[in-house]
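Chemist: Supplied in structure tokens, the structure appears directly below.
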Amino acid sequence: MSLKYYEDSLSKFERQKDKASITVPLINLGAVYLALENYEEADKYLRRSLQISEEEKDGLREVGCLHFLGRLAYKKGNIKEATDFFEQCLQVNHEVGDVFLEVELYIDYYYLARDSQELEKGISYLYKSLELAERIKEKDYLIQISSLLASSYEILGDVEKTIYYYKKYHDQTKEVTSLEQESKLRGIAIQLKAEESQRKNKAFEILTQELEQKTQELSRSYSQIKIISEIGQSITSTLNVNKVFRRIYESINSLMDATVLGIGIYNKQKDAIEYKLYIEEGENAPVFDIPLSSKSSWAVWCFKNKKEIMINDTEEEYLNYLESMTSTFGTLRPSIIFCPLILEEEIIGVVTVQSKEKNAYDQHALESIRALVSYIVIAINNAETSEKLAEEIAIRKQSQVELVELNNKLVKISELDGLTEIPNRRRFDQLFYEEWERAKRDQLPLSIILVDVDQFKEYNDHYGHQEGDRVLCDVAKALQNVPKRGTDFVARYGGDEFVAILPNTDEHGAIMVAEKMISNIVALQINHQYSKVTNHITLTIGAATITPQVEMDREGLIRMADKALYQAKDKGRNRVELYHEQ
């Protein structure tokens, strides 16, 4: 659908020979083909758009072409060519000043450096991008850059920076939990040292067996907390939910017997707990749901009551919780632990470990699961945030495309005269500059025609402004129909004045066009009984032709045509005068 729309748009602009606007569908076609991985077609359209943008000196569209061509080269694996395009883009953008583009460029430079095994260099580009993103306070970019920095530092093994950048877009739960765990670790370590000292200094007061038992318990606690901390750091350093889950499963069996590990998240639309992550005896289970209306689900009871469950013989104890005991999925296990997952005081799901052995779990196991829950919530929140970020980036890119289209429409509207619907003075000034530079470069003649509607004030005074406006519209339409070449241009200059630009046109050609304009208006026979020239609307025209030189001022050509116009008025109006040096 998009391709058909852009191809139709391209055909329309080609028929109109509108070079200034043709670059937009060309860039869009290139971008679509790039997304479809049709690199040959993408290259064709983007290079054509770049050529026209350079000819038209349109910096904004030129940087867009260079940016897409750089990404195309990167997709094709041509790092050298991609670097060249990005460098050109950055250089041109210094004049254009698009900060958003510059942020994306430095991100692209990061990918180039990363693929060239220069990750630290890539990180330096991310910091440049981060500085710009912070300056413009663009949250989407800040989140993306923080994620890239975190994943880069993860590759480099810099855990501190990895964790720091993952925490830039989520709450302080991880920090608080980490501080608590560190404090507990220090306390246990100190207590171990104290117990050891006490054993040496007061060995005669206590039994060696009791001391060893207590020391073993403390060592076990210390070991469990250390393992939990390592699991927490591991699962919060990735945004892939499946990797998070697999890492938990691989590590948790070093703490306790976990035949089953499951994480269920509440699905509001289904009003059910959805198990996307469920491993039983090392095998991933298919996704399944448990409705909140279930009276036989441990997960539902845990979720609704926001309470933990630890049972070592489900057949003996299930009636304290459930009306009946049936398995939604897998085999019923005698030992189970269920803990609620709570984010910002709102329950979002449950986590469960289960063992095929009776009496598999004790208070240490329950405390270990409690500690892991905080990390699991953070990891899930990170992953969901990352998915939302990807969606927001996609929406933003689509919005940018729509904004470009809207801006192009607004540019066209801003370049048209509101009354006559032909180009206005603003568009004339732009085109006159371009044609002057082209004629100066190619050493070709350039002609200007200034047109004045005779006795128009008298027409307005006697017939009214509404009739006057209608006359201006009729005159504008008739004048536009005179030039036959696509390069010729007619605009409303102001009030009752019009102007024409005739590139590569000598004096003889300018006179022919001007006389044709006069005859076309006469042919309309618009009644004007108050004109001092004749009884219908007429035109007086001044024309001037010059081959621009380096030292010349283009405004001089306007002044020459203006002098010729006044000479024509002095000679009785309804005529053409060509400027001649006095």
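Chemist: Could you please tell me which pairs satisfy a Cβ distance under 8 Å, a separation of 6+ or placement on different chains, a first residue in segment 11-27 that is at positive phi, and a second residue that is open to solvent by 20 Å² or more (accessible area, probe 1.4 Å)?
Modeler: Listed pairs, sorted by first residue: K17/G486.
Chemist: A follow-up question, please. Select from segment 104-128 the residues that are outside any loop (DSSP other than H, G, I, E, B) and either among the small types (G, A, S) or touching an Asp or Glu at 6+ places or on another chain (Cβ under 7 Å) (or both) and write down the one among them that is farthest from V32 (Cα to Cα).
Modeler: Only one residue tops the list, namely S124.
Chemist: Which one is least open to solvent (accessible area, probe 1.4 Å) among residues in segment 10-21 that are within 15 Å of R61 (Cα to Cα) and of a type in the set (G, A, S)?
Modeler: The selected residue is S21.
Chemist: Given (1) closer than 28 Å to T487 by Cα; (2) open to solvent by less than 80 Å² (accessible area, probe 1.4 Å); (3) in contact with a Ser or Thr (Cβ under 9 Å, 6 or more places away or on another chain), identify the lone condition not met by E102.
Modeler: (1) is the only condition that E102 fails.
Chemist: May I pose another question? Name the single residue that is nearest to H508 (Cα to Cα) among those in segment 426-447 being crowded, with 20+ Cβ neighbours inside 10 Å and not hydrophobic (A, V, I, L, M, F, W, C).
Modeler: Taking the candidates together, the pick is S447.
Chemist: I would also like to ask the following. Counting just the residues of segment 398-445 that are without any contact (Cβ under 8 Å) to a residue 40 or more places away in the chain and assigned to a loop (DSSP other than H, G, I, E, B), which one comes out nearest to R61 (Cα to Cα)?
Modeler: So the residue we want is E415.
Chemist: Let me ask another. Among the candidates I546, I541, single out the residue that is in contact with a helix residue (DSSP H, G or I) (Cβ under 9 Å, 6 or more places away or on another chain), at pLDDT 95 or above and closer than 25 Å to F456 by Cβ. Don't jump to the end; show me each part of the working.
Modeler: Numbers: I546 fails: closer than 25 Å to F456 by Cβ.
Going through I546, I541 in turn, the sole match is I541.
Chemist: Yes or no: T540 out of contact with any Pro (no Cβ under 9 Å at 6 or more places or on another chain), buried (at least 16 other Cβ atoms within 10 Å of the Cβ), of a type in the set (S, T, N, Q) and more than 22 Å from L431 (Cα to Cα)?
Modeler: Details: out of contact with any Pro (no Cβ under 9 Å at 6 or more places or on another chain): yes; buried (at least 16 other Cβ atoms within 10 Å of the Cβ): yes; of a type in the set (S, T, N, Q): yes; more than 22 Å from L431 (Cα to Cα): yes.
Against the criterion (out of contact with any Pro (no Cβ under 9 Å at 6 or more places or on another chain), buried (at least 16 other Cβ atoms within 10 Å of the Cβ), of a type in the set (S, T, N, Q) and more than 22 Å from L431 (Cα to Cα)), T540 qualifies.
Chemist: So which of S519, S531 is of a type in the set (G, A, S), without any contact (Cβ under 8 Å) to a residue 40 or more places away in the chain and outside any strand (DSSP E or B)?
Modeler: S519
Chemist: Confirm whether A476 is closer than 23 Å to E56 by Cα, open to solvent by less than 40 Å² (accessible area, probe 1.4 Å) and under 45 Å from the mean Cα position of the chain (by Cα).
Modeler: Answer is no for this residue.
Chemist: Could you check segment 109-128 and list, in sequence order, the residues that are of a type outside the set (K, R), within 20 Å of Q88 (Cα to Cα) and free of Cβ contacts under 8 Å to residues at least 12 places away in the same chain?
Modeler: Once the filter is applied, which keeps residues that are of a type outside the set (K, R), within 20 Å of Q88 (Cα to Cα) and free of Cβ contacts under 8 Å to residues at least 12 places away in the same chain, segment 109-128 yields only S124.
Chemist: Right, here's the next one. Looking at segment 22-49, which of the residues that are out of contact with any Leu (no Cβ under 7 Å at 6 or more places or on another chain), farther than 15 Å from L10 by Cβ and part of a helix (DSSP H, G or I) is least open to solvent (accessible area, probe 1.4 Å)?
Modeler: Ranking the qualifying residues of segment 22-49, first place goes to A35.
Chemist: What residue, of L72, L60, is open to solvent by 40 Å² or more (accessible area, probe 1.4 Å), in a helix (DSSP H, G or I) and of a type in the set (A, V, I, L, M)?
Modeler: Answer to the check: L60.
Chemist: Give segment 459-473 a look and list any residue that's open to solvent by less than 30 Å² (accessible area, probe 1.4 Å) and not aromatic (F, W, Y), or say none.
Modeler: Of everything in segment 459-473, those that are open to solvent by less than 30 Å² (accessible area, probe 1.4 Å) and not aromatic (F, W, Y) turn out to be N460, G464, G468, V471, L472.
Chemist: Is segment 484-497 home to any residue that is open to solvent by less than 20 Å² (accessible area, probe 1.4 Å) and within 21 Å of R554 (Cβ to Cβ)?
Modeler: Yes, segment 484-497 contains at least one residue that is open to solvent by less than 20 Å² (accessible area, probe 1.4 Å) and within 21 Å of R554 (Cβ to Cβ).
Chemist: Pairs please, first residue from segment 357-378 and closer than 24 Å to Y166 by Cα, second anywhere and assigned to a loop (DSSP other than H, G, I, E, B) and open to solvent by less than 10 Å² (accessible area, probe 1.4 Å), Cβ atoms under 8 Å, 6+ apart in sequence or on different chains.
Modeler: Every condition considered, the pairs that remain are Y375/T236; I378/T236.
Chemist: Right, here's the next one. Of the residues I380, I393, I369, I413, only one is at pLDDT below 90 and open to solvent by 60 Å² or more (accessible area, probe 1.4 Å); which?
Modeler: Answer to the check: I413.
Chemist: Residues G556, G572: which one is open to solvent by less than 50 Å² (accessible area, probe 1.4 Å) and either without any contact (Cβ under 8 Å) to a residue 12 or more places away in the chain or more than 15 Å from D452 (Cα to Cα) (or both)?
Modeler: G556
Chemist: Please specify each residue of segment 254-300 satisfying the condition of being open to solvent by 70 Å² or more (accessible area, probe 1.4 Å), over 16 Å from G349 (Cβ atoms) and among the polar types (S, T, N, Q).
Modeler: If the condition is that a residue be open to solvent by 70 Å² or more (accessible area, probe 1.4 Å), over 16 Å from G349 (Cβ atoms) and among the polar types (S, T, N, Q), then S254, N284, S293 are the ones that fit.
Chemist: Is there any pair with a first residue in segment 303-322 that is closer than 20 Å to H364 by Cα and part of a helix (DSSP H, G or I) and a second that is open to solvent by less than 60 Å² (accessible area, probe 1.4 Å) and at pLDDT 85 or above whose Cβ atoms are under 6 Å apart and which are 6 or more apart or on different chains, and what are they?
Modeler: Going by the 6 Å Cβ cut-off, the qualifying pairs are T314/P334.
Chemist: Residues in segment 471-492 that are farther than 15 Å from T538 by Cα, outside any loop (DSSP other than H, G, I, E, B) and not aromatic (F, W, Y): how many?
Modeler: Number of matching residues: 4.
Chemist: Kindly provide the set of residues from segment 301-317 that are within 19 Å of E346 (Cβ to Cβ) and either more than 44 Å from the chain's Cα centre (by Cα) or not aromatic (F, W, Y) (or both), ordered by number.
Modeler: Correct list: C302, K304, N305, K306, K307, E308.
The values are calculated or read from the model by the stated rules, or taken from the named source; none is laboratory data. Since the structure is predicted, the reported quantities are computational estimates derived from the model, not experimental observations. For neighbour counting, all protein chains shown are included, and Cβ atoms are generated from backbone atoms with ideal geometry for every residue, glycine included. With ligands, DNA and RNA removed, areas are computed over all heavy atoms of the protein, side chains included. Shrake-Rupley method; radii C 1.70, N 1.55, O 1.52, S 1.80 Å.
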